[in-house]
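The values are calculated or read from the model by the stated rules, or taken from the named source; none is laboratory data. The shown structure was predicted, so the numbers you read here are calculated from the model rather than taken from an experiment. Cβ placement follows ideal geometry from the backbone for every residue including glycine, while neighbour counts extend to all protein chains displayed. The area values use the complete protein model at the heavy-atom level, side chains included, leaving out ligands, DNA and RNA. Shrake-Rupley method; radii C 1.70, N 1.55, O 1.52, S 1.80 Å.
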Amino acid sequence: MQTHTIQFRVRYGETDQMGYVYYGNYAQYFEMGRVEWLRNLGTSYKRMEESGIMLPVLNLNINYLKPGKYDDLLTLKTTLTTKPSVRIEFNFELFNEKNELLTEGYTSLVFIDMKRNKPTRAPSYILEKVDNLFN
């Protein structure tokens, strides 16, 4: 498994009237984690799309344990769970500054060949970089 961590501060516009992170924003946080996970691997969503591969979400699960709040500095841990094939799967853990686990999540995405609009294998440049993590 490969894990990558990012930090970000909760902005006012991401909260509801109670000052808590609005529940729908966690999906965007997880996307930030996936994008930066790929960048840390040495590639990007942009590179994939330019090469004709898109990566739509098939499944999103979120467990809300404690609320994130306005101006909190959050740490998001993104972990690749299995070797990619046609799908790629990630687990997420979101912590506050006290290192309290606020939210857990999971996403499953599928590699799509944009010309054929059909599922396809993960690009070789991704498989090459993660292959040794699962041996």
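Mind listing whichever residues of segment 24-40 are of a type outside the set (A, V, I, L, M, F, W, C) and modelled with pLDDT under 95? Spell out the reasoning first.
Here is the first cut: in segment 24-40, the residues of a type outside the set (A, V, I, L, M, F, W, C) are 24-26, 28-29, 31, 33-34, 36, 39-40.
Of everything in segment 24-40, those that are of a type outside the set (A, V, I, L, M, F, W, C) and modelled with pLDDT under 95 turn out to be Gly24, Arg39, Asn40.
It is to be established whether one or more residues within segment 112-125 are closer than 16 Å to Phe8 by Cβ and open to solvent by less than 50 Å² (accessible area, probe 1.4 Å). Walk me through it before giving the result.
As a first pass, look at segment 112-125 and keep what is closer than 16 Å to Phe8 by Cβ: none.
Within segment 112-125, none of the residues are closer than 16 Å to Phe8 by Cβ and open to solvent by less than 50 Å² (accessible area, probe 1.4 Å).
Of a type in the set (Gly, Ala, Ser) and open to solvent by 60 Å² or more (accessible area, probe 1.4 Å): does that describe Ser51?
Working: of a type in the set (Gly, Ala, Ser): yes; open to solvent by 60 Å² or more (accessible area, probe 1.4 Å): yes.
When the stated conditions are applied, Ser51 passes them.
Is one or more of the residues making up segment 28-48 part of a helix (DSSP H, G or I), among the small types (Gly, Ala, Ser) and under 23 Å from Ile126 (Cα atoms)?
The initial filter retains those residues of segment 28-48 that are part of a helix (DSSP H, G or I), namely 28-41, 45-48.
Keeping just the survivors that are among the small types (Gly, Ala, Ser) gives 33.
Narrowing the set further to residues that are under 23 Å from Ile126 (Cα atoms) leaves 33.
Yes, the conditions are met somewhere in segment 28-48.
Looking at Tyr26, Tyr45, Tyr22 in this structure, which one is aromatic (Phe, Trp, Tyr), open to solvent by less than 80 Å² (accessible area, probe 1.4 Å) and touching a helix residue (DSSP H, G or I) at 6+ places or on another chain (Cβ under 7 Å)? So that I can check it myself, show each step before the final result.
Working: Tyr26 fails: touching a helix residue (DSSP H, G or I) at 6+ places or on another chain (Cβ under 7 Å); Tyr22 fails: open to solvent by less than 80 Å² (accessible area, probe 1.4 Å).
It is Tyr45.
Here are Leu60, Leu80, Leu94: which of them is open to solvent by 70 Å² or more (accessible area, probe 1.4 Å) and among the aliphatic types (A, V, I, L, M)?
On the way: Leu80 fails: open to solvent by 70 Å² or more (accessible area, probe 1.4 Å); Leu94 fails: open to solvent by 70 Å² or more (accessible area, probe 1.4 Å).
None of the other options fit; the residue is Leu60.
Has segment 30-37 got any residue that is within 26 Å of Asp113 (Cβ to Cβ), over 12 Å from the mean Cα position of the chain (by Cα) and free of Cβ contacts under 8 Å to residues at least 40 places away in the same chain?
Filtering segment 30-37 for residues within 26 Å of Asp113 (Cβ to Cβ) gives 30-37.
Those still in the list that are over 12 Å from the mean Cα position of the chain (by Cα) too: none.
No - not one qualifying residue is present in segment 30-37.
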